[in-house]
Amino acid sequence: MKVVIRDVTTADYGAVSALNQQGLPQVNQLPVESVRWFAQNAACFRVAEMQGKLVGVLIAVTATCGYQSQYFLWFAERYAEFLYIDRIVVAEQARGQRIAWQLYEDVERCARKLSLPWVADVYSNPPNDVSLTFHKRFGFCRVGRQWVENNTKEVAKFEKPLDGSAG
C-alpha cells in the first residue's frame, strides 16, 4: 500500500494524540493541547497516511522553539543549533512497512534544508532495542546519555550530522 507523508493539519490533532497513546511507554503523553503547540512551533511535523488513515507521526523542533522538555534541554545545553526529533510513532498495524524509515528520510530533507544537524534520544534503560537499532542503521552516532524521570530511565543521545561525520 502507498504511504503518503504530509504536513499535519488541524483535522489530524485528535488522531495524532490517539496514535501517540499506542506508542506509550516508549514516548511520553501527547494531549491535544500539546499537539496544537507542536503544530505552531515545530520545524517539521509530518504524518504518514495509508488509505486515508493516519499510521505515523514525526515531530521535530529547532533549538529556538522554546520547548522545555528535559530531553530537549540536554541538547540545548550542548548544541547551539540542531533539529531535535521529539517523537516518532508508527501504528501497530502498520509496523514493518518502512514507515519510520520514510518519515526519517523526510525529516532528513528538512534538516538539510535548514542546514542543521539532527538529534534524537532513545530509551536505553530499560532499552527500546528496536529504536536503538533503527537509529544506528540510519547513521546516527551516540553522543551521550541522560537519566530522566527521577533517575528511573536512561536515554541514549544520538546525532546525525549533515556531513555524516561524528559530532
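Structure notes:
- Estimated from helices alone, the mean residue ellipticity of the chain at 222 nm is -9500 deg cm²/dmol (sum of -39500 (n - 2.57) over DSSP H runs with n ≥ 4, per residue).
- Between helix 32-41 and the chain there is an angle of about 70 degrees, using the helix long axis and the longest principal axis of the Cα atoms.
- Distance between the range 1-72 and the range 105-163 - C-alpha centres, whole angstrom: 17 Å
- All lysines inside 20 Å of Lys2 as judged from Cα atoms, apart from same-chain residues fewer than 8 positions distant: Lys53
- Counting every other Cβ atom within 10 Å of each residue's Cβ, Met1, Met50 order from fewest to most as Met1, Met50.
- Long-range HN-HN contacts of Gly144 with modeled amide H, under 5 Å: Lys157
- Listing Asp106, Asp7, Asp121, Asp12 from fewest to most neighbouring C-beta atoms within 10 Å gives Asp7, Asp106, Asp12, Asp121.
- Likely footprinting exposure, Ser17, Ser115, fewest C-beta neighbours within 10 Å first: Ser115, Ser17
- Straight Cα distances below 18 angstrom link Lys157 to the lysines Lys136, with same-chain residues fewer than 8 positions distant left out.
- With semi-axes defined as the square roots of five times the eigenvalues of the C-alpha gyration tensor, the equivalent ellipsoid of the range 3-160 measures 22, 17, 16 Å, largest first.
None of the figures in this text is laboratory data; all of them are computed from the coordinates on show. Just so we're clear, the structure is a prediction, and the values are computed from it rather than from any experiment. Every residue, glycine as well, gets a Cβ built from its backbone with ideal geometry; the counts of neighbours run over all protein chains shown.
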